[in-house]
Amino acid sequence: ETGVTQTPRHLVMGMTNKKSLKCEQHLGHNAMYWYKQSAKKPLELMFVYSLEERVENNSVPSRFSPECPNSSHLFLHLHTLQPEDSALYLCASSQGGGSNQPQHFGDGTRLSIL
Amino acid sequence: ILNVEQSPQSLHVQEGDSTNFTCSFPSSNFYALHWYRWETAKSPEALFVMTLNGDEKKKGRISATLNTKEGYSYLYIKGSQPEDSATYLCAFDNAGNMLTFGGGTRLMVKP
């Protein structure tokens, strides 16, 4: 139990569907992150929220839309995805925006696009 | 695009062997270097966050060193055990918790 919970664990969707990934952290952290892990590629930072403000979007396509309603919750809204978006999506949180804080990861959502 | 390289990509060792892996990263704009362990079907777990050149950190049988001037970090495991089998990730931070990850070293320890 890492204190970061992601739902659903697995998601299969068609290219025209709209779905959302959810992340919740119970650690009292104030920074949250979305990462993408594609097959045979390194973990790739997608979005960073610090104190509920988006800090970094790292040139992610607009078909991915993040939302951070409060410091404990983070969503990734998905629409009109492509087959190459099939990947493991990991959420993480950390205390503060400083670089000396480790990130705590959830177990991820395995997304498959048909 | 930041270049963070880990070597080797994979490693098979016998139980009881000691081993080490390398992470190389840009030597400019350094904020921190993170190490994580990622076991199959689990989430990545933080091992170390290193911020100072020459830093050395230890957690049980695992230790890490840091050289920011030449841009590398070593992770050492002493007396490997089967439960150490995992992928070890390093991540370079050049802007305050914006991590660029390496591809990982996959360690398999045979009993």
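The values are calculated or read from the model by the stated rules, or taken from the named source; none is laboratory data. Keep in mind that this is a model prediction, so the values were computed, not measured. Here the Cβ positions follow ideal geometry from the backbone for every residue, glycine too, while neighbour counts run over all protein chains shown. These area figures cover heavy atoms from the full protein model, side chains too; ligands, DNA and RNA do not enter into them. Shrake-Rupley method; radii C 1.70, N 1.55, O 1.52, S 1.80 Å.
Key figures for this structure:
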quantity: Single condition B:Ser80 does not satisfy, out of (1) farther than 21 Å from A:Thr2 by Cβ; (2) surrounded by fewer than 19 Cβ atoms within 10 Å (Cβ to Cβ); (3) polar (S, T, N, Q); calculated: (2)
quantity: Options B:Gly71, B:Gly79; residue that is touching a Gly at 6+ places or on another chain (Cβ under 8 Å) and of a type in the set (Gly, Ala, Ser); calculated: B:Gly79
quantity: Output for the range A:31-50, where each listed residue is in contact with a Gly (Cβ under 8 Å, 6 or more places away or on another chain) and in contact (Cβ under 8 Å) with a residue 40 or more places away in the chain; calculated: A:Ala31, A:Gln37, A:Ser50
quantity: Considering residues of the range A:1-10 that are open to solvent by 60 Å² or more (accessible area, probe 1.4 Å) and more than 11 Å from chain B (Cβ to nearest Cβ) only, the residue farthest from the chain's Cα centre (by Cα); calculated: A:His10
quantity: Any hit, the range B:85-107, residues being more than 10 Å from chain A (Cβ to nearest Cβ), open to solvent by 50 Å² or more (accessible area, probe 1.4 Å), within 13 Å of B:Thr51 (Cα to Cα) and not β-branched (Val, Ile, Thr); calculated: no
quantity: Number of the exception - A:Met13 against (1) at pLDDT below 95; (2) out of contact with any Lys or Arg (no Cβ under 6 Å at 6 or more places or on another chain); (3) surrounded by 17 or more Cβ atoms within 10 Å (Cβ to Cβ); calculated: (2)
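Listed here are the residues, each with its yes/no results for (1) hydroxyl-bearing (Ser, Thr, Tyr); (2) over 22 Å from B:Asn29 (Cβ atoms); (3) over 13 Å from the mean Cα position of the chain (by Cα).
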| position | (1), (2), (3) |
| --- | --- |
| B:Lys57 | no, no, no |
| B:Arg61 | no, yes, yes |
| B:Ala64 | no, no, no |
| B:Ser73 | yes, no, no |
| B:Pro82 | no, yes, yes |
| B:Cys90 | no, no, no |
| B:Asn94 | no, no, yes |
